[in-house]
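These notes concern the structure reproduced below.
The values are calculated or read from the model by the stated rules, or taken from the named source; none is laboratory data. Everything quoted here is computed from the prediction, not taken from an experiment. Using ideal geometry, Cβ is built from the backbone for each residue, glycine included, and neighbour counts are taken over all protein chains shown.
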């Protein structure tokens, strides 16, 4: 049986293997089908049923179990996660594992379709170093995301935060 962190290396290797077999479209389809609509169906059900409260239940529980360094901000009109220390990307970095071109994209690869189906949109950036931020709002809400420093524990204020990102999932 694989340990939690060993899984991350195999997961990342799988993304690259899929890319080699069928290109990026196959990887994205895997994220949507195998993760979003299968292994994380319980998250989708919770978020569809409870909205922002369901997001808080899901991510508070999941990120604590994974040992993530994170903060959340829950408000009536949005939910925000600032990831200061992603345990899975951190594992890959510490162990020199780099098979797939952007491991971090798998989160948007399964979370974005789940949120879209539940009536939410996402603003997101990651820096390829185990830090990212997410803001979830209802699709009809035209509010822009917070600006750097506007929220407590904003990951964008960390020394070394890098605004370079790969936008495989551009805004509509």
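Note on the stretch 108-122: among residues that are in contact with a strand residue (DSSP E or B) (Cβ under 8 Å, 6 or more places away or on another chain) and in a helix (DSSP H, G or I), the one that is surrounded by the fewest Cβ atoms within 10 Å (Cβ to Cβ) is 112. Going by what's in this entry, would residue 136 be described as modelled with pLDDT under 90 and touching a strand residue (DSSP E or B) at 6+ places or on another chain (Cβ under 9 Å)? No. Looking at residue 125, is it in contact with a strand residue (DSSP E or B) (Cβ under 9 Å, 6 or more places away or on another chain), surrounded by 14 or more Cβ atoms within 10 Å (Cβ to Cβ), outside any strand (DSSP E or B) and in contact (Cβ under 8 Å) with a residue 12 or more places away in the chain? Spelling it out, it is not the case that residue 125 is in contact with a strand residue (DSSP E or B) (Cβ under 9 Å, 6 or more places away or on another chain), surrounded by 14 or more Cβ atoms within 10 Å (Cβ to Cβ), outside any strand (DSSP E or B) and in contact (Cβ under 8 Å) with a residue 12 or more places away in the chain.
Scanning the stretch 73-107 for residues that are surrounded by fewer than 17 Cβ atoms within 10 Å (Cβ to Cβ), outside any loop (DSSP other than H, G, I, E, B) and either in contact with a helix residue (DSSP H, G or I) (Cβ under 7 Å, 6 or more places away or on another chain) or at positive phi (or both) yields a total of 2.
One residue stands out in the stretch 141-171 among those that are under 22 Å from residue 43 (Cβ atoms) and either surrounded by fewer than 15 Cβ atoms within 10 Å (Cβ to Cβ) or out of contact with any strand residue (DSSP E or B) (no Cβ under 6 Å at 6 or more places or on another chain) (or both): the one that is modelled with the highest pLDDT, namely 141.
Checked against the criterion of being at pLDDT below 95, farther than 16 Å from residue 122 by Cβ and not in a helix (DSSP H, G or I), the stretch 39-52 has no qualifying residue.
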